[in-house]
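Worksheet: the structure to be examined is printed underneath.
The values are calculated or read from the model by the stated rules, or taken from the named source; none is laboratory data. Every value quoted in this text rests on a predicted model; they were computed, and no experiment measured them. So basically every Cβ, Gly included, is an ideal-geometry build from the backbone, and we count neighbours across all protein chains shown. Heads up: the accessible areas ignore ligands, DNA and RNA and are worked out on the full protein's heavy atoms, side chains in. Shrake-Rupley method; radii C 1.70, N 1.55, O 1.52, S 1.80 Å.
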Amino acid sequence: MAHGQNVVIQTHNLTHRYGKLTAIQDVNLTVYEGEIFGFLGPNGAGKTTTIRTLLDFIRPSEGSATLFGLDSVRDSVAIRARAGYLPSELALLDNWTGIQYIRWLEDVRGATNGYVTEAERLAGRLDFDLGRSLKGLSTGMKRKMGLIVALAHKPELLILDEPSTGLDPLMQQVLHEVMRETRAEGRTIFLSSHNLPEVEAICDRVGIIRDGRLEAVETVADLTRVSFRWLTLDFEDEVPAERFRALPGVAEIESDGARLHMRVGGEASMDAVIKLAAQYTVADINVEHPTLEEIFLAYYGKKEA
Ligand code: ATP
């Protein structure tokens, strides 16, 4: 287990309604100190609503939440001082430069302990120029500024709403490193995502939310153990599909002359497929991760079997 047993976030039947629309219903979540917890679900599933309720931007319609053992509504000021938050849409005062904004925040938060130094260090890591005006920042640049703001006071808990949106792959890697460093310091990260590969890459545990309901909480190790890949192989010439079909772990194979499409799962099966493919002339190869839906079905299908 990557985490300790101290609970950082606990929700009890957390429910929020926008008028007649129930955005989240009876969400019971536990997030432990020192873990990276991924909150995964499709658009509109209720991720942002849950996060906004935790931070008291909106109130529970029913149920409750505690962060650090403090009540999310009654103790919201104390909670926010100990948490860093990256909203999905960041509103910045754009007639300022980044560093002016950071100094202002330092003032407001009353955080003097190396706040600017930490912001500058993070800006260096993320390749962000704090000296430039915040006017007309691209989505990716705004995300970077948002991350610096969320992290600069070295919060015990980091809540990130779709953190890698708008970041190029290289910057996503940097962000992942920063998250791992944060975890190594014993701090906790709760992030929402609709991107399964990202969650697989950095999270310890994942909660899956759909239509406002928390459907499952699993360790990423358990989820990926049953995960599989969709593999497409293009060959120079036609190949005998039955040789591939006979390999353990290969399923749902479709053959179209020189192209094979198959599902490859289970330990060592990819290796066997690649070694067999190498006996022919390979023109192209494409590997896709399963969708959230497919992982979910594979996981629970297998459990019931
Ligand atoms: P996304 O990734 O698209 O932000 P999400 O999982 O964060 O999705 P929420 O934004 O929490 O989902 O939305 C949950 C549901 O609540 C959706 O049906 C959405 O349309 C609805 N909703 C969200 N905000 C409001 C609002 N301010 N007023 C009314 N309905 C809302």
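Tabulated results
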| read-out | value |
| --- | --- |
| Surface share of carbon and sulfur [accessible, 1.4 angstrom probe, percent] for the chain | 48 percent |
| Per residue accessible area in Å² of the chain, where ligands, DNA and RNA are left out and the probe is 1.4 Å | 49 Å² |
| DSSP-loop trypsin sites (Lys or Arg not before Pro) across segment 9-100, with at most 12 other Cβ within 10 angstrom | K20, R74 |
| Residue-span extension gain [V287 to Q173] - 0.36 nm each, minus C-alpha spacing | 39.0 nm |
| Helix 139-151 vs. the chain, principal-axis angle (Cα, 0 to 90°, nearest 10) | 60 degrees |
| Angstrom value of the Kirkwood radius, inverse mean 1/r, which spans all Cα pairs in segment 228-288 | 11.2 Å |
| Dipole moment magnitude, nearest 20 debye, the chain about Cα centre, only Lys, Arg, Asp, Glu C-beta charged | 1100 debye |
| Dipole axis of the chain (+1 Lys, Arg; -1 Asp, Glu on Cβ), positive-most option in A272, T66, F190 | T66 |
| Per-bin percent of Cα-Cα distances, segment 7-224 [5 Å] | 1, 7, 15, 19, 20, 17, 12, 7, 2, 0 |
| Cα convex hull volume per residue for segment 147-293 (Å³) | 150 Å³ |
| Semi-axes of the equivalent ellipsoid for segment 1-66, Cα gyration tensor, largest first, Å | 23, 13, 9 |
| Charge dipole (segment 7-224, unit charges on Cβ, about Cα centre) - positive-most of V8, F57, L158 | F57 |
| Accessible-area ranking of L92, L158, largest first, probe 1.4 Å | L92, L158 |
| Gap separating the Cα centres of segment 74-149 and segment 258-279, nearest whole Å | 47 Å |
| Rounded to the nearest 20 debye, dipole of segment 71-162 from Cβ charges on Lys, Arg, Asp, Glu | 140 debye |
| Positive-end residue, the chain charge dipole about Cα centroid, Cβ charges, pick of I253, I79, G98 | I79 |
